Amino acid sequence: MVNLSSPLVLFALGVFPAIFWLFFFLLESRRHPEPPKIIARVFVAGTVAAVVAAGIQLLLQLKLFPIWGYEANSISGFLIFAFVEETVKFFGAYIAFKNKRKPEAPLDDMIYLITAAMGFAALENVLFLFSANSTLILQTAVMRSIGATFLHAVASGFTGFYLAKGRLPEGLVVATAIHTAFNYLAYYFPQYQIYSVALVLFASFFLFHDFDIIKQTDGGERQI
């Protein structure tokens with residue numbers, strides 16, 4: 001029988017969903033597959049971004065939130081934390097792939113942002129699982145697979161879409177809004193986790209429409 005509390009199993013349960021969703025979205029660029037080395041580099045950049053974001057969030061919660069009168073589980077707290085994560089994910093990805101950007105391939109922006117998001121989610125999943133109650137490990141892994149991990153992919157996908165359109169601030173606003181709403185629903189309605197999952201699924205329909213828009217540009221000029 002598999003020991004779910006084994007560090008190796010916890011690591012696998014945390015990373016596998018991120019790898020699954022990464023390959024799922026890479027299918028969107030199967031006509032012009034991304035170089036594996038760049039994908040790997042951007043994925044690692046996403047894991048580094050997760051550490052940076054956690055550090056910023058901890059600093060905010062310990063030093064600035066008490067001054068501002070905010071609580072981490074308030075709307076303001078969710079909004080600020082979501083903005084931090086989406087912004088740090090973007091910069092982590094951008095630093096890793098900016099020298100490889102091709103004006104004739106705007107789809108790259110969406111793919112690379114999602115790749116970084118999956119690196120981010122992989123580390124986040126592992127940390128959550130290592131701190132989870134031993135009786136809830138499998139449940140936590142499943143819910144994060146279809147919830148938080150997919151959320152990171154969808155939110156960063158929107159950031160990538162608007163980056164490709166030369167409207168990055170809009171992308172960060174959209175990503176932050178979806179992320180904030182997800183966290184609010186997941187925190188305040190834990191017994192109805194279908195709410196937060198349904199939100200991400202709904203948002204994903206628009207994201208796949210954005211993929212189609214980018215594909216139709218087919219070499220159109222991209223603003224940077």
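Observations on the model:
- 3J(HN,Hα) from dihedral phi, region 182-189, Karplus parametrisation 6.51/-1.76/1.60, rounded to Hz, x for glycine, proline: 4, 4, 4, 5, 5, 7, 8, 10
- For the peptides 41-47, 5-11, the ranking by mean Cβ contacts within 10 Å, running from highest to lowest, is 41-47, 5-11.
- Counting only DSSP H runs of at least 4 residues, each contributing -39500 (n - 2.57), and dividing by the residue count of the chain, the helix-based mean residue ellipticity at 222 nm comes to -25500 deg cm²/dmol.
- A Cβ-based charge dipole, computed about the Cα centre of the chain with Lys and Arg at +1 and Asp and Glu at -1, lands at about 420 debye.
- Relative contact order (%) - criterion: Cα under 8 Å, at least six apart; region: the chain: 26 percent
- Region 164-194 versus region 91-149: alpha-carbon centroid distance in Å: 15 Å
- Think of the chain as a dipole: +1 on every Lys or Arg Cβ, -1 on every Asp or Glu Cβ, centred on the Cα centre; then among H32, L4, I194, H32 lies furthest on the positive end.
- The alpha carbon gyration tensor of region 1-61 gives principal lengths a ≥ b ≥ c with a/c of 1.5 or higher and a/b no greater than b/c, which makes the shape oblate.
- Size-normalised alpha-carbon gyration radius of region 98-196, reference 2.2 N^0.38 Å: 1.22
- 10 Å binning of all Cα-Cα separations within the chain, expressed as whole percents from 0 upward: 8, 33, 37, 17, 4, 0
- The chain: angle of helix 148-164 to the longest principal axis, Cα-based, in degrees nearest 10: 30 degrees
- Projecting the Cα atoms of I95, A117, L58 onto the charge dipole of region 7-217, computed from C-beta unit charges around the Cα centre, puts I95 farthest toward the positive end.
- The chain: angle of helix 7-26 to the longest principal axis, Cα-based, in degrees nearest 10: 30 degrees
- Beyond 30 Å in Cα-Cα separation lie the following of the pairs K63/K100; K100/K215; K63/K102: K63/K100; K63/K102.
Bear in mind that the values in this text are calculations on the coordinates, not laboratory data. The structure displayed is predicted, hence computed values, not measured ones. Because the Cβ atoms are built from the backbone with ideal geometry, glycine has one as well, and the counts that use them run over all protein chains shown.
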